[in-house]
Structures are given as structure tokens and as C-alpha cells.
Amino acid sequence: MSEPKEIFVRLDRCMGCHSCELACAVAHSESRSLYGAIAEQPRPKARVYVESVTPRTPVPILCRQCEDAPCMHACIAGAIRRTEEGVVITQSDKCIGCWTCVMVCPYGVIGRQTEEHKAYRCDRCPDLAAPACVDACPTRALVYRSVKDFSRDTRQAASAGMLGAQRG
Amino acid sequence: MASCEKRYVIVGASAAGMAAAEAIRAIDKRGSITVFSDEPDPPYFRPLIPFLISGKKSAADMTLVGQGPYCGAGIDVRLNSRVEKIDSWAQTLDIPGGERVAYDKLLIATGSRSYIPPEIEGTDTEGVFALRTLADARAAARRVESTQHAVMLGGGMLNLKASFALLERGLQVTLVVQSPQVLSQLMEPEDATLIRNALNNAGLKIETGAGARRILSNGNGVSGVLLDDGRIIGCEMVCIGKGVRPNVAFAGLEEIRIDGGVVVDRFAACSAGNVYAAGDAAVTFDPITGGRIVTGLWTNAVEMGKCAGYNMAGRHAEYGGTFGILNATQVADVPFVSMGIVHTTGRNYETHVSSSRNAYRKVVFSPEGTRLVGVLLVGDISRAGLYRFVIKERMPIAKLKSNIIDHTLHYGHFMCP
Amino acid sequence: MADGKDLQSKSMDPAIREMIAKAATMEIKTVWDRYEAMQPQCGFGDAGLCCRHCLQGPCRIDPFGEGPSEGICGATADTMVARGLDRAIAAGTAAHSGHAKHLAHTLLKVAKGQAGSYSIKEPEKLRSVATRMSIPVEGRPDNDIALDLANAALADFHEKDTPVLWAATVVNPQRAKVLTDLGLVPKGIDHEISEIMHRTLYGVDADPVNLLLGGMRCAVADLAGCYMATDIADILFGIPKPSFTEANLGTLKAGAVNIALHGHNPLLSDILVTRAETRNEAAIAAGASGINIVGICCTGNEIMMRHGIPACTHSVSQEMALITGALDAMVVDYQCIMPSVATVAECAGTTLITTMEIGKIPGAKHIPFAEESAAENADEIFDIAIANFRRRKNKPVDIPNIKTPVVAGFSVETIVAALSKLDAKEPLKPVVDNIVAGNIRGICLFAGCNNVKVPQDNNFIAMARKLLKANVLVLATGCGAGALMRHGFMDPANTDELCGDGLKAVLRAVGEANGLGGPLPPVLHMGSCVDNSRAVALAVAVANYLGVDTDKLPVVASAAEAVSEKAVSIGTWAVAAGLPTHVGVMLPVLGGPLVTQVLTEKVKGLTGGYFIVDLDPESAADKLLAAIDERRAGLGLPLPGVSQTIGAR
């Protein structure tokens, strides 16, 4: 299998429009359409969070799918595991809603479904070719690349910058 | 014996022991790993025991291997094997049936046992339980059938969860708590108001400031509890949740240091060579105070076990310690998270309390106000893990202080300082 | 990249598919490319949950309850949605009534002898409309009556002693009472538009139901504007009579000077049509076979209805006419003209000519059109087109050889005249009798636009098929008529195949009684979007004949692929008139549950009409049939047996 992909955030592109949150909620609804999802009970929940440091600095934050996930080890019900594709998932039927995972997640990206008393987090949209948030981002601030490719892009941008600076 | 094939032996097949086994296997593909358990049941998630009583989960739902991060590959678990003697010079241990097992690396992960206060009379009566093992849970579930009223002695997390399990089975339940309020180990009395209200609304009867003197019985076992103020509460079942004590009584191993639990360094090694300890059986340290603590938490046991496993397999892994308090749960629709130092009365901490109808929040800073040392969240527990991170890393929090107090802290604050 | 499946998702029209493919090879960006690039579209806007009415914004409300649940000012989701909808209604009303106002000014100029290119073509209609407006006509010359009527029309725009008369006098008495009781009779057309802007300003109306009622009143003002435009256009340009013509890109002629008229007001298009004769020689001198005028969108409908001018294309595919390379000029006035036509025209070698002060497009040639100088302006336009032809003649053009026969021109007057051949004394009787008997199950009006979100024409085709087979008499206006005409729904040769037995028989009876030697076409073209008022006139006539209110009639409407805010305002007045009104694309209201409920359910208890929002044409047609049957049951009419061969599966 080729390199697994992660969801990276290019902060300089984020407009704070929250379209990713909307698309994420819709992708995790029963009806899978905005129009149907709006009417659903319990309300569909987004797993990506657009926080703001200042009003002008929006920061999208989502589960990093940690290789050594604190949540997975902390779960007292064995409900969190890592799939073959490397996605850390919470199995709803096993979750007992004790929120220990919430307590240990250093990113604060595990949510609490109040009606169903279950923890939830980003599952990398296993049914879609690319995660819904990535597709929804109108400025392509969210990108779905392998670590290798993303890092290479960052290096290339940095090198272009350094080169430009050196040549004056 | 091939020099690269180490023999790893682990005493205790619960959180610490199995986490260590998985960690070892992740690094060392070839060594043999044997885990000894004194229980008849294959390893299971101990915190799920109340669910067996309520019927929400079956024993099969609770098995460890095959769930979460546990795949159990190449790990030999031996049940019904209570380790009798350990010889740390010869690096062997004895198990029932006369077998002597040799080890290269030994982990003591024997966990803890329920503390039964000796001053309470009649704790050996039929119908009295300290819910620790699956066997205890099965027995308790059976006793439920002939019980109308259960009395829970002790107001900690275990008894609270067990109370709800019993309420779900249709029993009347009374919680008898010595302290002025429930969950006194995890928070102060005024912090627990919201939770107390939720418990009352859920139908749980609570007697605070009361202790049990004697458990009464008739031909069918428990018939009531005599309190120290002279009142008698009629009941058919008693659950004792008065804390745990580390299991460290071994024959042999006199040379390891014990101070409540087995004393270990930051690499999980104890004072005998090639012997490690982790989990409830071990004494670790609190990064906030730097002092030694024992912990009775599954999450901590797993972390310590993993650390021990890595070190046993030759990879240096330093344990960051654990808070004295690190608990998350939900009782009667009210979730809460308590971590670090939350008992602040009469002590010199900078404390901020925010209280509303549906949520309660207590944020505790060091006396100089430059570090976060404790957080209690009731009702709104979102992003609790961020606070654990801040406390554990002893982060300078000057810029983030108002966000921490307002509970508006999020990861973006760390990414964009 | 335009492959087969790709083209299918863009348009059902084979001529347009050819042009889309060609545009791709020419690397010309089309409306479909821009739609693609716009994905994903903002979900907040889609749900109506964003507001930019004040500088404290922009605000958005999270429909999933995690983010803000009100705007910064405290506006709830329903308030936000209602305010947004109201502004759309106001915009639609402004457009239709602006068009009407322009015509009223022209009538005034004609009355004063100031616009020689225009004249009163229908003195009888002038008199009947004047009479309706309580203007004396006995023994008075046309110009005097016209002066009074024009002034009365202009007076309807502001508050005065009487309400908007073009609304108050055009509905049946019971409906007038319903509207009066609900406070929905507009005081002045521009007044209502202005009040909408006021009440939707920061900090005025926050009550969603109050906002919706205000919006509905403004929509009734829109009806007045439409009706006024139809009346005056008929007076100045003639009442539409049956015309026999064609539709689609195949109406362009490689050897002729092709001029496409696009936009709305016959003030411009009618003059060009009547003046084309005078420039024919010049065209021939340039080597052309003559001047070939074709229509796009509503102004195309106006000249088709009155002069049988062919329709080139409609709405979403307007750019494709340019891709043929055969257009020598595209002349536009206002509304529904995509600014992109300027860019496409440049690539195609066509001159885009704008004519209205309020409607300029960068890259176009602007010829300010004035009624006083209409003839000169028209000549200038023809000269540009002829010059372009000279440049392009003998160069290859790409005209798809696709066109369909069209029988159009079904004004109310035409319909009544046709029916009088069956019953001279009571021309409505044959219609009503057939409705009662079930040969006509009900009536459905298709209106509106083509929306890029729907494969062009897909919804119209599917729904019309189903309804026709179920014996529903189908009327059409605007680009809805455009969609249907390009797929053969206005060709009498298809009546037998498309219509159910009952309907077929009626159409045949009327057609033969009128000497057509065959049936009427399956769908009756009633005109442009302002001519939706003709459908109202017909419904009101039937209602009066039967002595019931319009909300009892088995009449429904559908804007199956709506786009413009004009569609929102028309849809709203259709609901105010008591009609079940289908919309085939999503209105930005779902974010406001109360507003959604009011528009689709609760309003039924007020006006008898309601919105049916259904994006699936099959299901939408079923709902319309159910609505028709519900009305039939209400009138005590038999419901059809199960013999319907409902639509092709």
C-alpha cells in the first residue's frame, strides 16, 4: 500500500469560513446531504474544529491519528483501535462514554455525543476518496497528502524562499 | 538458548502487565513473553466490571485481547497461576504445580486489591462484595437476584459506577460516605454539588458523614448495616469501595524496596537487577509535586506498563509520572474530569472557580500563579486533554492564563503562540 | 474535458451538448466550468444561514448547533432566512416592475406623440384594460385613454388613495377578500419594495412570520408589475396570436446576418423585429441572404408570441449561441444576461451590444437605447451586425443542425378565441366540462429558468412527460417554455405520443375546430415571465366562471429549474394566489425550520397555496398530481381511474 495520507492544515490559506465543519457534519449524518442532515435528530456532529487565536487567525484542528495514540491506550473499554489503514477509530458500540480519552487527548479533538453518550472523533471518512473537510475547503487550506509529499512541498517552498533571499 | 531470544516474564495479566507485553512484542519479535495471572479468566478490562452487574456488557465484551491496542500475538498468558516465590539472584520464579520458570527480564504487575477496613465487623458475610475481579462481578450479579436494597460503603468512583449498575437492575441503593461529600478523593465538597444533585435526581440515596460499624446477617447472608450513629439500614447486599492497596507481598524478592508499593525509577526498574514494576503495584512520582505516589487507575497502569515493556526490551523510555488525581467519568448524565491538584482549601494555590447551572469549573495554579497544577471540569469537559498536557509539561502559561480560566483554551493556542 | 457522461450531466439538449464540447476545444470557460470551480459551494449560504446586512457581520449560523445559533445582533436562523428571502422577493419585484414601468413610460410618450416608433396596436385591449381600471373610454380617442392609463400605471408604483390597482382589479372577488383580510394588498409597487429593504435592515423586523407576510405582499406587487407589463406590451405590440415557428440553434443561418435578441423588454426587441425589413437590402448587399433575428430568453418569447420569431436558445445555455460563431450581434437589455457573454462574444467574433443605462457589461459595445430614437438606435445595431457578417462570411461556422417545430402564441385571448369555436357563447365551458369529466385532470403551469445545478431541461422534460400522460393540461412561460419547446413539446405532431387519451382528445377537438387539421400542441406557450400574468388571468376567469376562489381550482405551478430572484417573487405570488407551487431546486430556507414549515405547510391555511420543494422531478410530478387530485376532490370531481400510463419509466 502506498504511503498513508494525513490531513494537513495550511494555516495561511484558512479563511475561517467553517465550511469544513459543515461538510464534516454532513458526511457523518444519516442522509449524507446538507438538506437532510439539517433536520436530523440527533444532530450530526463535526469532528474538525475551526478555532480562533485572534479574530483574524483561524486554526482548523482535527484528530492527528497519532501513531502512538494516547487515547487508544487510555481507553478502559478497549473501544479505540487502529485500523489497517492506520486510522484510529472509536468503536461506538464498545464506547461506554467515560471520557477518559477526552482527558488524555493533547489536541482536545475528541468530542462527546450527549444524546448517545459516546465519544467521537475524526475517522478520515473511510467511505470517501478524500475526507469531506478537504473536499469542502474553498481555499484548499486542508490538504490530504502523505507526510513525505507534504514535507517535500514545504521544503520546496522554503528553498525557494531561501534562494530568493540569497540572490537578493 | 539463542543469545538474542530473551525470556520476558510478567506477573499479572491486567492493564500494566498486558500493556508491557504488547510493548515488548512491538520491539522484540523473537523473545518469549509469558504472563502469569492468578485469576481464572483471560485478561479483561477491569473498569468494565460494573457493566457485567448491570448486564450491559458480557464477559466476552470485556476481554482484552483483540480489542483496542491489544492483539496478543505471541504472548503466552497462563491463568490460575499465582506466583509463589521469586528468586532474583537465580532469576527464577515458582508457580503452583511445582514449575520453576526462568526469566531474563521480570515485570511485577500484580496490581492492587480492595481494601477492607478491619474496623468494620462482618465483612466476610455472604453478600458482601469488594468489586475487583470478574469473579466478584459474577457473584454480585447473582446476588442481585435476591436483593432489593444494596448499601455501598465508600463514595469513590468504583462505588458510584457500581451504584448505577445496581440502580439499572432495579435495586434500591444507598451510598454511605464517611466524608462530607461523595468523590472526596477527587474533589472538594463544594465542587461536587452539581454531581450530588444529579445523583439525587437519579434516585441514589446518599448518607454523608456516616460510617459502617457492623454488617448484620441472617440465614441468607447480609440483612443490614449498622452505622456508627446507631442507625440500621436493612439491605441484602453490601459493596465495599474503600480504596485499594498494592499487592506486594511476595516470598523472595526481599531485596526490592517497598514503600507502600514497589519503588521504581523513571525507567520502571526497581532495586533488583532485571526486575521492573508497573501499575497499581508500583510507586511512581507526581510531576507536579515531584513526590512519590501510588495510583489505582487503569490509564496510568497502561502507561507505566508500556514504559516498563519498552525498557525491558532494551529501548530507553522515561516515564513522565502521573498526577495523583487523573479521573474522567460520567455519573447520571453529568460528566466530569478531575486532574492534578484540586484540593485547595487551606492551601496556598491560586484558585479560580466558575459555577453555573449546568457546569462547574475549578482551575488551580501554583502559588506564584505561573503554572497550572490542577483542573476540575464538571458538565463541560471539552478539550480536557489540553489541560493534562499543560500540567504535565509544566508549561509557562502566562499568555494562556485567561484562556485557561475561561475554558477557551484550544490547540490553536499552542500552534500559534 | 467534455466526455459523454460529462455532457449528459450538463444539458439534455443535443445542440447544446455539441456546443459545450466545442467550447471545451476552444478552451472557452462556460457557465458549467465556473459552476465546477465554485464547488464546494458554501453550505451556510445554501441553507440561508448567512447574513451581510450590517457591518458587524458577516454572520453565519451553525445548523448543527455547535457554533453560533444567532447572528451578532441576535437574529435567529428563521429571522435570517426570512430576511434573505424577502430581499430576493424585493429584487424580483423590482425587476418585473422596472420592466413594467419602462413600458408605462413608453405608453405615456406614445400618448403624447413623443415616441414615433411606437403606436397603439390594440385599441380594444387599451379600452378593456382602461375600463378595468375605472378609466372612462366612451367616445374618447386612443391617445387620451392611453395617457390616463399610463398615468394610472405609474401611479401604482407609489402610495395613493387606492391600493395597487393592477393587483386589486385583476383577481377574483374571493381572492381579493383573502388578500385584503391577510393584509397582502400592496399599497404601491415601489413602496412595497422599499418597505422590504427597510424591514430587512439591521434592527427592524425580526419576526419571521411578519417578514414572510411582508414578503408576500411585495410578491403581490410583483404580480401587479407582471400584469401591467403584459397589458401594456399587448397594447403597444399586439396581442399574441398563434404563431408557427421553430426553436434551437438550428434556427441560425450561416448565410444570413444573425442577430440574437436577449433580455426582456419588447420595447427593444419588437422595434428591431419590425425594423429589420428596412435593413434587409443592406444585408443582401453585404452578401447575406437577409437578416435573421432569433430570440434568447424572455424577450425571445415576446417576439415569438407576437411575430413568430424563432428561439435560438435559453437561460443557462445562452453562451452556447455564441459558440456557433454564427452570431453577428447579440443585443441585450436587462435581466438574466450573464456577464460572461462579453468574454465569449469576444472569442466568437460577435459584438455584444448593451442598450440600457442600468445594464452595462465591460467589453460590450454600449448603444444607449431611447424610445424617442428607437429607429436610429435599431439602425445602428443592424449596421454593426451587417459589418460583422461581412467579416465572417465564407468563414466556417458551427451551427448544429437541430431545431424543433413550435406552435406558440397562446395568450388568454387566443385560447378563448379557440375555445369559442367549440362554444361561442361560453368559451370556458368546454374547458370546465372537460375538467369535470376528467379528460383534463388539472392544469399545470411550467415557468422559470434553467439552473446549472440541474442537467438543462431535465426536470421540465421528466415532469411534463408525466403530467401530460396523466391528462394534465400544461401551460408554459419563460425559459420553462423554452426548455419544453426545444424538446418537441410544442410540436403538434407529438401531441398523440405525449398526451394521455383524455387530454389528447380535447387538444384535437380544439385544434380541428380551429382549422389546424390536427391537434393543438401538447404544451401551450403563454409567453414570457411577465406573461405568467396571462395564466393568472385564465385561472381567475375559470374561477369566476365556476364561482369559486382560485385556491379551489385544480391548478398548480412549477418552477422546475428556477434561478432568478424573479422566480422567487413569482413563486411567492403564485402561493398568495392559492396555487400549490413546486420549486425544483433548493430555496435557501432549510436553515430556518419555522420558515420552511410556514412556506410548505402553514401558508396553506392562509392563502390556500403552498410551496412544494422537491429536487426529484418524478417525485415532484407525483406531488403535483396529488395536489391536483386533492383540489378535484374538494370540488367533488371524480378522481381519475387507474388507467394513467404515467410517464415513460
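The values are calculated or read from the model by the stated rules, or taken from the named source; none is laboratory data. This one's a predicted model, so the numbers in the text were calculated from it and none came from an experiment. Please note: Cβ atoms are built from the backbone with ideal geometry, for glycine as well, and neighbour counts cover all protein chains shown. Ligands, DNA and RNA are stripped out before the accessible areas are found, and what is left, the full protein with its side chains, is counted by its heavy atoms. Shrake-Rupley method; radii C 1.70, N 1.55, O 1.52, S 1.80 Å.
Accessible surface buried by the A/C pair amounts to about 1400 Å², both sides summed, 1.4 Å probe.
Each stretch of four or more DSSP H residues adds -39500 (n - 2.57); spread over every residue of chain B, this sum gives -6000 deg cm²/dmol at 222 nm. In order along segment C:280-295, the Karplus-derived 3J(HN,Hα) couplings, from 6.51 cos²θ - 1.76 cosθ + 1.60 at θ = phi - 60°, round to 4, 4, 4, 5, 5, 4, 7, x, 9, 7, x, 9, 10, 8, 10, x Hz, and Gly and Pro are given as x.
Cross-link list C:Lys177/C:Lys566; C:Lys5/C:Lys466; C:Lys121/C:Lys160; A:Lys118/B:Lys57: which exceed 18 angstrom alpha carbon to alpha carbon?
Check vs 18 Å cut-off fails for C:Lys177/C:Lys566; C:Lys5/C:Lys466; C:Lys121/C:Lys160.
Counting other C-beta atoms within 10 Å, and keeping those with at most 13, which DSSP coil trypsin sites (Lys or Arg not before Pro) do you find in segment C:51-139? Hits after loop and neighbour filter: C:Arg52, C:Lys112. Remark: segment C:405-419, residue by residue, has Karplus-estimated 3J(HN,Hα) of x, 9, 10, 10, x, 8, 5, 4, 4, 5, 4, 5, 4, 5, 5 Hz, where x stands for each Gly or Pro and the curve is 6.51 cos²θ - 1.76 cosθ + 1.60 at θ = phi - 60°.
For segment B:128-242, which whole-number percentage of the solvent-accessible area (1.4 Å probe, protein heavy atoms only) is attributable to carbon and sulfur atoms? Please report the intermediate quantities before stating the final value.
Working: 2020 of 4440 Å².
Reported share for carbon and sulfur atoms: 45 percent.
Using a probe of 1.4 Å, the accessible surface attributed to C:Asp616 totals some 70 Å² when neighbouring protein chains are kept in position.
Can you tell me what share of the DSSP beta bridges in the protein assembly as shown is antiparallel? A percent to the nearest 5 is fine.
Working: 73 of 150 bridges.
Looking only at bridges with both residues in the protein assembly as shown, the antiparallel portion is about 50 percent.
Counting only cysteine Cβ atoms and a cutoff under 4.7 Å, chain A contains unmatched residues A:Cys14, A:Cys17, A:Cys24, A:Cys66, A:Cys75, A:Cys95, A:Cys98, A:Cys105, A:Cys125, A:Cys137.
The Cα-based radius of gyration and maximum Cα-Cα distance (Dmax) for segment B:128-242 are 13.4, 43 Å. From the Cα gyration tensor of chain C, with a ≥ b ≥ c the square roots of its eigenvalues, which class applies: rounded if a/c is under 1.5, or else prolate if a/b is larger than b/c, or else oblate? Since a/c stays below 1.5, the shape of chain C is classed as rounded.
Evaluated with a Cβ-only charge set (Lys, Arg +1; Asp, Glu -1), the protein assembly as shown carries a dipole of roughly 1800 debye about its Cα centre, given to the nearest 20. Averaging 1/r across all pairs of distinct Cα atoms in the protein assembly as shown and inverting the result yields a Kirkwood radius of 36.1 Å.
With both labels modelled 7 Å from their Cα along Cα-to-Cβ, the B:Ser402 to A:Lys148 distance reads 4.7 nm.
To the nearest 0.05, what FRET efficiency results for C:Leu639 and C:Arg140 with a Förster distance of 45 Å applied to their C-beta separation?
On the way: r = 51 Å, r/R0 = 1.14.
So, using R0 = 45 Å, E works out to roughly 0.30.
For the residues C:Thr600, C:Thr313, a 1.4 Å probe over the protein chains yields an accessible-area ranking, largest first, of C:Thr600, C:Thr313. The figure for C:Asp433 is an accessible area of roughly 70 square angstrom, using a 1.4 Å probe on the protein chains alone.
With the simple model of a label 7 Å out from the Cα in the direction of the Cβ, A:Gln41 to C:Ala493 spans 5.8 nm.
Each Cα pair under 8 Å and six or more residues apart adds its sequence gap; the mean of these over the residue count of segment C:487-583 is a relative contact order of 20 percent.
Scan chain A and report its longest stretch carrying no GluC sites (Glu not before Pro) that are both in a DSSP loop and have at most 16 other Cβ atoms within 10 Å. Write out the running numbers ahead of the final one.
Details: sites that count: A:Glu30, A:Glu40, A:Glu67, A:Glu84, A:Glu85, A:Glu115, A:Glu116.
Here the longest run is A:117-168.
Site pair C:Lys453 and B:Arg292 shows an inter-label distance of 7.0 nm when each label is modelled 7 Å from Cα along Cα→Cβ. When a/c is below 1.5 the answer is rounded, else prolate if a/b is larger than b/c, else oblate, so apply that to segment C:85-177 with a ≥ b ≥ c taken from the square roots of the Cα gyration tensor eigenvalues. It is oblate, given that a/c is not under 1.5 and a/b is not larger than b/c. In this structure A:Lys118 has an accessible area near 40 Å², from a 1.4 Å probe over the protein heavy atoms.
Of all the options A:Ile89, A:Ile76, A:Ile61, the one that moves most in a Gaussian network model of chain A with Cα springs shorter than 10 angstrom is A:Ile76.
Which percent of the Cα-Cα distances in chain A go past 29 Å? So the pairs more than 29 Å apart make up 25 percent of the total in chain A. Amide H contacts under 5 Å for B:Val264: B:Val283, restricted to partners 5 or more places along the chain or on a different chain, H placed in the peptide plane at 1.01 Å from N. Taking trypsin sites (Lys or Arg not before Pro) across segment B:57-109, the ones in a DSSP loop with at most 12 further Cβ atoms lying within 10 angstrom of their Cβ are B:Arg82.
Tell me, what is the per residue accessible area of segment C:1-118 in Å², probe radius 1.4 Å?
On the way: 5270 Å² over 118 residues.
Here the per-residue accessible area is 45 Å².
List the GluC sites (Glu not before Pro) within segment C:1-65 that DSSP assigns to loop and that have no more than 13 neighbouring Cβ atoms inside 10 Å.
The qualifying sites are C:Glu27.
If R0 is taken as 41 Å, the Cβ-Cβ distance between C:Ala282 and C:Ser128 corresponds to a FRET efficiency of 0.55. Between A:Gln91, A:Gln41, A:Gln65, the GNM of chain A built on Cα springs shorter than 10 angstrom shows A:Gln41 fluctuating the most. Using Cα pairs under 8 angstrom and six or more residues apart, how large is the relative contact order of chain C, in percent? Contact order relative to length: 16 percent.
Largest mean-square fluctuation among A:Ala27, A:Ala130, A:Ala158, in a Gaussian network model of chain A whose springs join Cα atoms under 10 Å apart, belongs to A:Ala158. FRET efficiency for the pair C:Glu376 and C:Gln56, taken as 1/(1 + (r/R0)^6) with r the Cβ-Cβ distance and R0 = 51 Å, rounds to 0.50. The H on the amide N of B:Val77, modeled in the peptide plane, is under 5 Å from the matching H of B:Val35, each at least 5 residues off or on a different chain. Between amide H atoms placed 1.01 Å from N, distances below 5 Å from C:Cys42 occur with no residue 5 or more places distant or on a separate chain.
Which whole-number percent is the relative contact order of segment A:63-121 (Cα, under 8 Å, 6+ apart)?
Numbers: 88 pairs, mean separation 18.6, N = 59.
Computed over segment A:63-121, the figure is 31 percent.
Across segment B:1-131, how large is the tail of the calculated P(r) beyond 23 Å, expressed as a percent of all Cα pairs? Please report the intermediate quantities before stating the final value.
On the way: 3613 of 8515 pairs.
That fraction is 42 percent.
Each residue of segment C:372-379 was assigned a 3J(HN,Hα) from its phi angle through the Karplus curve 6.51 cos²θ - 1.76 cosθ + 1.60 (θ = phi - 60°); the sequence is 5, 10, 3, 5, 5, 4, 4, 4 Hz, with glycine and proline shown as x.
Report the accessible surface area buried between chains A and B, summing both sides, using a 1.4 Å probe on protein heavy atoms only, in Å² rounded to the nearest 100. Before the final figure, lay out each step's value.
Details: alone 10380 and 18170 Å², together 25610 Å².
Counting both chains, the buried surface is close to 2900 Å².
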